[in-house]
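Have a look at the structure below before the remarks.
The values are calculated or read from the model by the stated rules, or taken from the named source; none is laboratory data. Just so it is clear, the model here is predicted, and its values are computed rather than measured. Don't worry about glycine lacking a Cβ; one is built from the backbone with ideal geometry, like all the others, and counts go over all protein chains shown.
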């Protein structure tokens, strides 16, 4: 019986020794663990560096895209303004060309009226004269279709500085029309030829 008790004591002592040594061995990492930790730390730092590099490239590209968009918007705005200027100039040129032509036609028309104003009073009514009067009516209708209207210049009426040009003055009420030398005309509400008149000087 004494031998059985003696054989169990060493087993109890062996089990007690490892339990006292395990904490000290776990607190100190092995050289392999330290090496792996350094490798992981290095990889992590490299990944951060790569991420920062990509982020910088993305920011640079975004800035370039924004700059390109701004240039495109400016170019489109400049193109639109240029088109508007061209349309305005084209319209102005068309109006100027039409106005110039109308003025030349009006000069012929005024000469025709001067001629008709001095026709002989004893000239009998004839088909020839009726034909001239018909031409006059057709001409007036054509000018109205082009937006051309004769400016009112009534004897005894008051002068309008924007529509009448006083060529002479004479005894009479100030700024009152005494005589009309040539008619004035408007085109689409714009004066293209002022009426030449004589007015009273007051």
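Structure notes:
- For the stretch 147-202, residues that are on the phi > 0 side of the Ramachandran plot and within 38 Å of the chain's Cα centre (by Cα) total 3.
- Selected residue (only one of 189, 156, 202 is more than 25 Å from residue 101 (Cα to Cα) and either in contact with a helix residue (DSSP H, G or I) (Cβ under 7 Å, 6 or more places away or on another chain) or modelled with pLDDT under 90 (or both)): 202
- The lone exception for residue 161 - which of (1) assigned to a loop (DSSP other than H, G, I, E, B); (2) out of contact with any strand residue (DSSP E or B) (no Cβ under 7 Å at 6 or more places or on another chain); (3) surrounded by 17 or more Cβ atoms within 10 Å (Cβ to Cβ) it fails: (3)
- Residue check, residue 101 loosely packed, with under 12 Cβ neighbours inside 10 Å and either touching a strand residue (DSSP E or B) at 6+ places or on another chain (Cβ under 6 Å) or not assigned by TED's automatic domain parsing to the domain that holds residue 187 (or both): yes
- Among the residues of the stretch 100-120, those identified as under 47 Å from the mean Cα position of the chain (by Cα) and farther than 12 Å from residue 185 by Cβ are 100, 101, 104, 108, 111.
- Residue in the stretch 120-135 that is under 30 Å from residue 170 (Cβ atoms) and not in a helix (DSSP H, G or I) present: yes
- The set of residues in the stretch 164-193 being closer than 30 Å to residue 94 by Cα, in contact with a strand residue (DSSP E or B) (Cβ under 6 Å, 6 or more places away or on another chain) and not in a strand (DSSP E or B) consists of 183, 184.
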